[in-house]
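Notes to accompany the following structure.
The values are calculated or read from the model by the stated rules, or taken from the named source; none is laboratory data. Please read all numbers here as calculations on a predicted model, not as lab measurements. Neighbour counts are summed over all protein chains in view; Cβ atoms, including those assigned to glycine, are modelled from backbone coordinates with ideal geometry. Side chains are part of the model used for accessible areas, which takes the heavy atoms of the whole protein and leaves out ligands, DNA and RNA. Shrake-Rupley method; radii C 1.70, N 1.55, O 1.52, S 1.80 Å.
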Amino acid sequence: MAGRDEFDVIIVGGGHVGLTLALALSQSARGIRVALLDRRPLSVPRDARASAIAAGVRRVFEALGVWGVMEKASQPITAMRITDSGTGDISRPMFLAFDGDVAPGEPFAHMVPNSVSAQALLDAVSGKIEVIAPASFTGFVAEGRSGRLTLDDGRVLSAPLVVAADGGQSALRGMAGIGVTGHDYRQTGLVTTIAHELPHDGVAYEHFRPAGPFASLPLPGNRSSLVWTERSEDAPRFLAMDNDTLAAEIEAVMGSTLGAVTLEEKLQGFPLKLQIARDFVAPRLALVGDAAHVVHPIAGQGLNLGLKDVAALAEVVVEAIRLGLDHGSDDVLERYQAWRRLDTASMAAMTDTLNALFSNDVAPVRAIRDFGLGLVDRAGPVKAALIRTASGIGGNGPKLLSGLPI
Ligand SMILES: Cc1cc2nc3c(=O)[nH]c(=O)nc-3n(C[C@H](O)[C@H](O)[C@H](O)COP(=O)(O)OP(=O)(O)OC[C@H]3O[C@@H](n4cnc5c(N)ncnc54)[C@H](O)[C@@H]3O)c2cc1C
């Protein structure tokens, strides 16, 4: 009989990834005791961002029964237009255009406001898991068949499996002695929501500029979410601008595409880096989401990668529990790691290469990349393959990514 502070799984971090894992486990394994610990109160964060949720990951939310609420506030992305421009260019030639669905009637991604998805997940886990928040932990050790977390009030929580979903700065990853590899992009992602005069018609625009990509992603109504990359040394200048000056800067990049724009909220800045954990598992510990990998937002894949981790980890854990096996054993964790490492490495390499290739104004590099984009644009099967990769569908993936229960 489990004591008050003994659980089957302890998840540290109640962001989107931790919450989705808590939901997947509590729905799929009957009677499982899941604890979710966060240093802040578990409530909807004041996050003005919206995330592009790829079709595969949308199926995870469908299988978990939370997509209906999210869909009502979301905007399908029906097409993508990519341009490449140099410093001072006035016209922005179109190099690549993606139209259509990943499957008939299924857009390759939806834009979902982060506050809406967080609320849907919080409502869904309510009453199904034990929430320990706000709370801080001061130590983690793996001892025999359990991982033990010591809280700063002296309480000790234990479970056969502890999961680090505590974001890019993961303290739990550090306590387990897992190092990271990667580099600082010396770029800042500037994020805001704009209202605009003309309809976007479900089109996402990505303008590659020497300082980095500038993406305008459609939201319901005549509104879009901007992820605008600048060199970090230039970011403070933009963050200090008033909204009218920023609107003029945005219109200069977007040209006449969306007409006059107004900012709906203050610009926020996020320093960008590539960071991959050297291991995704350690004795009695698994890393998921940004704790395991932080990638450039150029392709809007960070959260999607984290939710794919959830689908894989939930499946191996639930299968082990059903078979009466130790669900935090090295064998089970190795299966999770093997499932996720290759996909993560390829997405990290893809986003890193795209950013290196496009965030510069070197004439020969521009000529080659524009020639390459032009070729892709004329090759239907290559475009279809790219859309399927971005959608996260296909391959030997976990069941949740196909919309199936575990
Ligand atoms: C500008 C920008 C745009 C992006 N756009 C997209 C997009 O369109 N699509 C997409 O897929 N991804 C996108 N991403 C990436 C995405 O935002 C992240 O990958 C995602 O939010 C990571 O979620 P997470 O739950 O792993 O971590 P987090 O959201 O960082 O959550 C971590 C949680 O852990 C808690 N925590 C931290 N430390 C501790 C501790 N010591 N003790 C207890 N709790 C702790 C925190 O309070 C928090 O609740 C973007 C990122 C940026 C910067």
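Which is in contact with a Gly (Cβ under 8 Å, 6 or more places away or on another chain) and buried (at least 22 other Cβ atoms within 10 Å of the Cβ), of Leu217, Leu198?
Of Leu217, Leu198, the one residue that is in contact with a Gly (Cβ under 8 Å, 6 or more places away or on another chain) and buried (at least 22 other Cβ atoms within 10 Å of the Cβ) is Leu217.
Output the number of residues of the range 15-55 satisfying the condition of being touching a Leu at 6+ places or on another chain (Cβ under 8 Å) and either aliphatic (A, V, I, L, M) or closer than 30 Å to Glu265 by Cα (or both). So that I can check it myself, show each step before the final result.
Within the range 15-55, the first condition is being touching a Leu at 6+ places or on another chain (Cβ under 8 Å), and the residues that meet it are 16-24, 27, 32, 34-37, 42-44, 50-53.
Narrowing further to those that are either aliphatic (A, V, I, L, M) or closer than 30 Å to Glu265 by Cα (or both): 16-24, 32, 34-37, 42-44, 50-53.
Total meeting the criteria: 21.
Restricting to the range 3-24, what's the tally of residues that are more than 15 Å from the ligand (Cβ to nearest atom) and surrounded by 22 or more Cβ atoms within 10 Å (Cβ to Cβ)?
Looking only at that region, the number is 2.
Looking at Gly306, Gly328, Gly324 in this structure, which one is open to solvent by less than 10 Å² (accessible area, probe 1.4 Å) and more than 17 Å from the chain's Cα centre (by Cα)?
Every option except Gly328 fails the conditions.
Which ones in the range 302-336 are touching a Ser or Thr at 6+ places or on another chain (Cβ under 7 Å) and over 20 Å from Asp166 (Cβ atoms)?
Answer for the range 302-336, where residues must be touching a Ser or Thr at 6+ places or on another chain (Cβ under 7 Å) and over 20 Å from Asp166 (Cβ atoms): just Val318.
Quick one: in the range 283-303, of everything that is more than 25 Å from Ala349 (Cβ to Cβ) and crowded, with 23+ Cβ neighbours inside 10 Å, which residue is nearest to the ligand (Cβ to nearest atom)?
Taking the candidates together, the pick is Leu285.
Suppose we keep only residues that are basic (Lys, Arg) and part of a loop (DSSP other than H, G, I, E, B) within the range 239-282. Which one would you say is nearest to the ligand (Cβ to nearest atom)?
Looking at the filtered set, the residue picked out is Lys266.
Is one or more of the residues making up the range 178-188 touching a Phe, Trp or Tyr at 6+ places or on another chain (Cβ under 6 Å), of a type outside the set (Lys, Arg) and either crowded, with 23+ Cβ neighbours inside 10 Å or more than 17 Å from Asp47 (Cβ to Cβ) (or both)?
no
Does Pro271 fit the bill of being open to solvent by 60 Å² or more (accessible area, probe 1.4 Å) and within 18 Å of the chain's Cα centre (by Cα)?
Spelling it out, Pro271 is indeed open to solvent by 60 Å² or more (accessible area, probe 1.4 Å) and within 18 Å of the chain's Cα centre (by Cα).
Please go through the range 29-77 and give me each residue that is within 9 Å of the ligand (Cβ to nearest atom), in contact with a helix residue (DSSP H, G or I) (Cβ under 8 Å, 6 or more places away or on another chain) and farther than 26 Å from Ser216 by Cα, ordered by number.
Asp38, Leu42 - these are the residues of the range 29-77 that are within 9 Å of the ligand (Cβ to nearest atom), in contact with a helix residue (DSSP H, G or I) (Cβ under 8 Å, 6 or more places away or on another chain) and farther than 26 Å from Ser216 by Cα.
Six or more apart or on different chains, Cβ under 8 Å: which pairs go from a residue in the range 234-261 that's without any contact (Cβ under 8 Å) to a residue 40 or more places away in the chain to one that's part of a helix (DSSP H, G or I) and open to solvent by less than 20 Å² (accessible area, probe 1.4 Å)? Could you list them?
Final answer for the pair search is Glu249/Phe238.
Quick one: how many residues across the range 158-200 are within 13 Å of the ligand (Cβ to nearest atom) and either part of a strand (DSSP E or B) or at pLDDT below 95 (or both)?
Total meeting the criteria: 11.
Name the single residue, out of those in the range 119-157 being in a loop (DSSP other than H, G, I, E, B) and touching a helix residue (DSSP H, G or I) at 6+ places or on another chain (Cβ under 7 Å), that is nearest to His327 (Cα to Cα).
Just the residues of the range 119-157 that are in a loop (DSSP other than H, G, I, E, B), to begin with: 126-129, 133-136, 144-145, 152-155.
Now narrow it down to the ones that are touching a helix residue (DSSP H, G or I) at 6+ places or on another chain (Cβ under 7 Å): 128-129.
Numbers: Lys128: 20, Ile129: 18 Å.
So the residue we want is Ile129.
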